[in-house]
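Below is one structure; the comments refer to it alone.
The values are calculated or read from the model by the stated rules, or taken from the named source; none is laboratory data. The structure displayed is predicted, hence computed values, not measured ones. Backbone-built Cβ (ideal geometry, glycine too); neighbour counts: all protein chains shown. These accessible areas exclude ligands, DNA and RNA; they are computed on the full protein's heavy atoms, side chains included. Shrake-Rupley method; radii C 1.70, N 1.55, O 1.52, S 1.80 Å.
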Amino acid sequence: MIELKNITKTFVERTWRTAFLRKTPKKVKALSDVTLAIRTGEVFGLLGPNGAGKTTLIKILATLILPDSGQANISGYDLCRQSQVVRSKIGLVNTNERSFYWRLTGRQNLSFFAALCGLSGSAAKKRVKALLDSVRLDEKADTPFMKYSTGQQQLLALARALLMDPEILLMDEPTRSLDPVAASEIRRFTRKELADQYGKTVLWCTHNLKEAEEVCDRMGIIHEGKIIACGALEDMQH
């Protein structure tokens, strides 16, 4: 479902020193020859500390930034040359609540993003209602987003990612800052419903080994932009 080969990404770090003192910008290699294969229908955990390159890889897979080199295919489509088709195959879940409109209700937020996706009228209303029900936000559907708890905000982000019924979900630290109950609900929904019931392919990025063990079929460990181990946890322990 996801195939990456020798993906590399380097950022140029510019600061006030480079602008005003004419210092040479520092180059930071975020990813170095990342090769990875994620199977159809599995929950794959990308495990690593903050700054290891997880978010950079997610952004590349979401077509938000381009790799410097390497090859990437999503559902058989080239990530760079067929990016528009790739976008229709993926749903992105991140922890950026600022991407929602705080004065709008959960239902209004989803309806707005549904319109951006080309859904309108009764089809949009039906899809929005079904998603609010599935993530158990039906009772909060008409509550302003600003009054949502952090867990409810994250559930709405998950519902938004599912608007176009994507084959693949990219989840960047989906339980960060959540209380244990809310985090458990996100993990349960991902494992039991998205993966087991609907057969979605999920890339789950986290720094929490216990969480990865609970949710993921296989995992890869990323450190300083490199994949240093990959496989089922029991295989990597031997």
Revision key, fill the gap. In nm, the gap between the two label points placed 7 Å beyond Cα toward Cβ at ASP217 and ASP235 is 1.2
Review point. By how many degrees, between 0 and 90 and to the nearest 10, does the Cα long axis of helix 106-116 differ from the longest principal axis of the chain?
Key: 60
Check your understanding: Ignoring ligands, DNA and RNA, what accessible area per residue does segment 90-238 give at 1.4 Å, in Å²?
Key -> 51
Point to revise | Overall form of segment 33-145 per C-alpha gyration tensor (a/c, 1.5; a/b vs b/c) | key: prolate
Review point. How many percent of the accessible area of the chain is carbon or sulfur, using a 1.4 Å probe?
Key: 49
Practice item. Working from Cα positions, state the angle (0 to 90°, nearest 10) between the long axis of helix 150-161 and the longest principal axis of the chain. Key: 90
Review point. In terms of solvent-accessible area of protein heavy atoms at a 1.4 angstrom probe, what is the ranking of TRP204, TRP102, highest value first?
Key: TRP102, TRP204
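Could you order peptides 179-189, 114-124 by the average number of other Cβ atoms within 10 Å of their residues, highest first?
Listed from highest to lowest mean packing, they are 179-189, 114-124.
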**Study point:** Farthest toward positive dipole pole in segment 103-193 [+1 Lys/Arg, -1 Asp/Glu at C-beta], among PRO166, CYS117, ALA141
**Key:** ALA141
Check your understanding: Where does the chain land on the Kirkwood hydrodynamic radius, alpha-carbon pairs, in angstrom?
Key -> 18.8
Check your understanding: What is the extension gain from SER88 to ILE65, computed as 0.36 nm multiplied by their sequence separation minus the C-alpha to C-alpha distance, in nm to one decimal?
Key -> 6.6 nm
Check your understanding: Out of LYS125, LYS59, LYS89, any idea which swings most in a Gaussian network model of the chain, alpha carbons joined below 10 Å?
Key -> LYS125
Exercise for review: Pull up the cross-link candidates among the lysines for LYS23, meaning alpha carbon to alpha carbon under 25 Å and not fewer than 8 places away within one chain.
Suggested key: LYS9
Check your understanding: Residue-wise, which Karplus ³J(HN,Hα) couplings in Hz belong to segment 56-72, taking 6.51 cos²θ - 1.76 cosθ + 1.60, θ = phi - 60°, and x for glycine or proline?
Key -> 4, 5, 4, 5, 5, 5, 7, 6, 7, 9, 9, x, 6, 7, x, 10, 9
Check your understanding: For segment 131-147, in order, what is each residue's ³J(HN,Hα) by Karplus, 6.51 cos²θ - 1.76 cosθ + 1.60 with θ = phi - 60°, in whole Hz (x at glycine and Pro)?
Key -> 6, 4, 5, 5, 9, 6, 10, 4, 6, 9, 4, 9, 9, x, 4, 4, 9
Review point. Over the chain, what is the relative contact order in whole percent, taking alpha-carbon pairs under 8 Å and six or more residues apart?
Key: 28
